[in-house]
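The values are calculated or read from the model by the stated rules, or taken from the named source; none is laboratory data. Keep in mind the model is a prediction, meaning the values are calculated, not measured. Please note: Cβ atoms are built from the backbone with ideal geometry, for glycine as well, and neighbour counts cover all protein chains shown.
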Amino acid sequence: MAFQVVELILDADDNVIERRVIPYPYQTRAEAVDTIESVMTRFAEAGYEPDGDFWWAINGNGKTRVRFIIEHV
């Protein structure tokens, strides 16, 4: 089973306003996690939310909020 990383751009109320799939399938979940952790380094703040099983990030001005999820494909 393959995995894909999805980047969700959120508005101030946590509503999804844009959905982007990072265009590479990953053979393992660990490979997908590595990609997310690499992408998150470009943001001012970032972390993992274990209750929702997603990663989050906020840019330097606090206006762009992103959530990263992993889906099966």
Exercise. Can Arg29 be described as under 13 Å from Ile69 (Cβ atoms), exposed (fewer than 12 other Cβ atoms within 10 Å of the Cβ) and touching a residue at least 12 places away in the same chain (Cβ under 8 Å)?
Worked result: no
Problem set entry | So Val21, is it outside any helix (DSSP H, G or I), modelled with pLDDT of 95 or more and more than 10 Å from Ile69 (Cβ to Cβ) | yes
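Rundown of residues vs (1) under 11 Å from the mean Cα position of the chain (by Cα); (2) in contact (Cβ under 8 Å) with a residue 24 or more places away in the chain; (3) not in a strand (DSSP E or B), yes/no style:
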site: Met1; (1), (2), (3): no, yes, yes
site: Asp13; (1), (2), (3): no, no, yes
site: Ile17; (1), (2), (3): no, no, no
site: Val33; (1), (2), (3): yes, yes, yes
site: Ser38; (1), (2), (3): yes, no, yes
site: Arg42; (1), (2), (3): no, no, yes
site: Ala57; (1), (2), (3): yes, no, no
site: Lys63; (1), (2), (3): no, no, yes
site: Phe68; (1), (2), (3): yes, yes, no
For this session: Of the numbered conditions (1) surrounded by 14 or more Cβ atoms within 10 Å (Cβ to Cβ); (2) over 22 Å from Met1 (Cβ atoms), Arg42 fails exactly one; give the number of that condition.
Result: (1)
Problem set entry | Scope the stretch 45-55; condition surrounded by fewer than 13 Cβ atoms within 10 Å (Cβ to Cβ) and part of a strand (DSSP E or B); matching residues | Glu45, Gly47, Glu49
